[in-house]
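*Asks:* This structure is in structure tokens; I'll ask about it shortly.
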Amino acid sequence: MSAPLRLDLDGDALVANWRWLAGRQPGAACGAAIKADGYGLGGRAVMERLARAGCRDFFVATWAEAETLGALPDGVALSVLHGVRAADMPVARAHAARAVLNSVAQVRRWRESGGGACDVMVDTGMNRLGLTPGEAMSGLLDGLVIETLMSHLACADEPKHALNRAQRDAFAAVAARIPARRYSFANSAGILLGQGYGFDLTRPGLGLYGGTPGPGAEGALRQVVHLMTEVLQVRDVPAGQSVGYGATWRAERDSRIAIVNCGYADGFLRALGAAGLGRAGDAILPIVGRISMDLIALDATGASVGEGDEIEMGFDLPRLSAASGLSQYELLTGLGRRFERRWA
Ligand SMILES: *Cc1c(COP(=O)(O)O)cnc(C)c1O
């Protein structure tokens with residue numbers, strides 16, 4: 001049985017976005033963050049497409065995600081950003097992926113279990129995951145085989161934020177002292193910060209999936225996710241009547257309302273109501289009333305829309321984000337399990 005609603009995923013756009021991001025830091029290899037199931041698109045499908053395009057370094061958050069991805073394509077490396085909790089050790093020792101060690105306890109745990117190649121995260125000012133520079137340079141890491149030493153930017157989407165340069169300088173200082181095969185610093189927005197932010201390996205996520213990570217990327221990255229719904233019913237709503245829960249929208253004129261089969265349970269959250277719209281050919285169909293769990297009402301007055309018609313819901317990430325207060329990341333990772341994910 002085919003799913004009643006669908007994400008059309010544009011593999012060419014995904015690869016084009018990866019190439020564009022890679023081109024912004026020509027001195028660095030370009031990896032890909034595919035945590036949270038490839039930001040909701042499907043981690044395995046994203047990995048396969050980017051690996052075919054030449055991407056060699058992938059990042060997930062957890063070992064469960066690493067296992068779900070299945071066998072790694074030839075020549076591909078996978079890093080697990082949350083490192084090794086005690087409970088992760090059996091999987092971590094057996095899996096081809098590398099742990100990103102974040103804390104003193106994780107470094108000790110890894111050494112005591114036999115060591116071997118690993119990645120290490122240093123926290124340079126975000127105060128989230130990672131060793132402090134002091135811990136990293138204390139001798140703790142002496143003798144460890146570090147494949148990638150990395151750090152993560154807190155404010156890269158604000159190019160003028162003073163923390164960007166401070167973090168970069170702090171990372172460069174640690175990198176000068178800690179031997180590693182490669183050094184990695186920039187996420188999507190960090191890539192756009194320009195010279196001095198690329199190091200050896202970048203780790204974009206958002207930009208790959210068509211988000212706009214920051215100034216300098218507007219219009220350059222292609223939409224990857226197309227959200228396809230179907231009209232379940234079209235109804236005439238006379239002027240004065242309301243639509244949906246709470247009767248929050250009232251028809252000012254005699255209206256044609258199309259009901260589509262998508263709702264907040266699919267990640268199309270109620271906060272998108274004011275900015276959301278559907279498209280039927282050239283016609284723009286604004287969302288009216290509250291978004292329900294499984295249904296959205298669109299104003300199709302004057303458009304030729306019938307039961308069974310396909311409606312693409314607008315999914316312009318920066319626009320929806322600005323209008324709703326949801327981040328572009330939340331919009332992507334919230335996309336639900338009811339969508340069939342179909343790659344072209
Ligand atoms: C998620 C993540 C990335 C990717 O960030 P984007 O902003 O999506 O490009 C890179 N590095 C780390 C450590 C991350 O957690």
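The values are calculated or read from the model by the stated rules, or taken from the named source; none is laboratory data. Just so it is clear, the model here is predicted, and its values are computed rather than measured. Here Cβ is always computed from backbone atoms with ideal geometry, including for glycine, and neighbour counts include all displayed protein chains. Surface areas here come from the heavy atoms of the whole protein model, side chains and all, with no ligands, DNA or RNA. Shrake-Rupley method; radii C 1.70, N 1.55, O 1.52, S 1.80 Å.
To keep it simple, each residue is scored yes or no on (1) under 27 Å from the mean Cα position of the chain (by Cα); (2) surrounded by fewer than 22 Cβ atoms within 10 Å (Cβ to Cβ); (3) at positive phi.
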residue: Leu131; (1), (2), (3): yes, no, no
residue: Leu141; (1), (2), (3): no, no, no
residue: Glu147; (1), (2), (3): yes, yes, no
residue: Ser151; (1), (2), (3): yes, no, no
residue: Pro159; (1), (2), (3): yes, yes, no
residue: Gln167; (1), (2), (3): yes, no, no
residue: Phe171; (1), (2), (3): yes, no, no
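*Asks:* When you look at Gln233, is it in contact (Cβ under 8 Å) with a residue 60 or more places away in the chain and either among the hydroxyl-bearing types (Ser, Thr, Tyr) or away from the ligand (no atom under 16 Å from the Cβ) (or both), yes or no?
*Replies:* Yes.
*Asks:* Does Tyr209 satisfy the criteria of being open to solvent by 10 Å² or more (accessible area, probe 1.4 Å) and of a type in the set (Ser, Thr, Tyr)?
*Replies:* In short, no.
*Asks:* Just checking, which of Ser255, Ser242 is crowded, with 18+ Cβ neighbours inside 10 Å, more than 16 Å from the ligand (Cβ to nearest atom), modelled with pLDDT of 95 or more and among the hydroxyl-bearing types (Ser, Thr, Tyr)?
*Replies:* Matching residue, one of Ser255, Ser242: Ser255.
*Asks:* Out of the strands (runs of 3 or more DSSP E) lying entirely within the stretch 249-334, which hold 2 or more residues that are touching a Gly at 6+ places or on another chain (Cβ under 7 Å) and of a type outside the set (Phe, Trp, Tyr)? Break it down stepwise before answering.
*Replies:* Details: elements: 255-260, 277-280, 283-288, 296-299, 310-313.
Those strands (runs of 3 or more DSSP E) span 277-280, 283-288, 296-299, 310-313.
*Asks:* Still on this structure, I have one more. So which pairs qualify, if the first residue must be in the stretch 322-343 and within 13 Å of Met228 (Cβ to Cβ) and open to solvent by less than 60 Å² (accessible area, probe 1.4 Å), the second must be polar (S, T, N, Q) and at pLDDT 95 or above, the Cβ gap must be under 6 Å, and the two must be at least 6 apart or on different chains?
*Replies:* none
*Asks:* Which members of the stretch 13-25 meet the condition of being touching a residue at least 24 places away in the same chain (Cβ under 8 Å), open to solvent by 30 Å² or more (accessible area, probe 1.4 Å) and not basic (Lys, Arg)?
*Replies:* Those that are touching a residue at least 24 places away in the same chain (Cβ under 8 Å), open to solvent by 30 Å² or more (accessible area, probe 1.4 Å) and not basic (Lys, Arg): Ala16, Trp20.
*Asks:* Within the stretch 51-67, restricting attention to residues that are in contact with a helix residue (DSSP H, G or I) (Cβ under 7 Å, 6 or more places away or on another chain) and open to solvent by 20 Å² or more (accessible area, probe 1.4 Å), which residue is farthest from Gly116 (Cα to Cα)?
*Replies:* Here is the first cut: in the stretch 51-67, the ones in contact with a helix residue (DSSP H, G or I) (Cβ under 7 Å, 6 or more places away or on another chain) are 53, 55, 58-61, 63, 65, 67.
Imposing the further condition that a residue be open to solvent by 20 Å² or more (accessible area, probe 1.4 Å) reduces the set to 53, 65, 67.
Working: Ala53: 29, Glu65: 21, Glu67: 20 Å.
Filtering the stretch 51-67 for residues that are in contact with a helix residue (DSSP H, G or I) (Cβ under 7 Å, 6 or more places away or on another chain) and open to solvent by 20 Å² or more (accessible area, probe 1.4 Å), the one farthest from Gly116 (Cα to Cα) comes out as Ala53.
*Asks:* Taking Tyr39 as meeting all but one of (1) open to solvent by 20 Å² or more (accessible area, probe 1.4 Å); (2) out of contact with any Lys or Arg (no Cβ under 8 Å at 6 or more places or on another chain); (3) within 13 Å of the ligand (Cβ to nearest atom), write down the number of the exception.
*Replies:* Single failed check for Tyr39: (1).
*Asks:* Restricting the search to the stretch 39-56, which residues are over 16 Å from the mean Cα position of the chain (by Cα) and of a type outside the set (Lys, Arg)?
*Replies:* Glu48, Ala51, Ala53, Gly54, Cys55
*Asks:* Are there helices (runs of 4 or more DSSP H) fully within the stretch 101-219 with at least 3 residues that are within 14 Å of the ligand (Cβ to nearest atom)? List them.
*Replies:* Fully inside the stretch 101-219 and qualifying: 162-177, 188-191.
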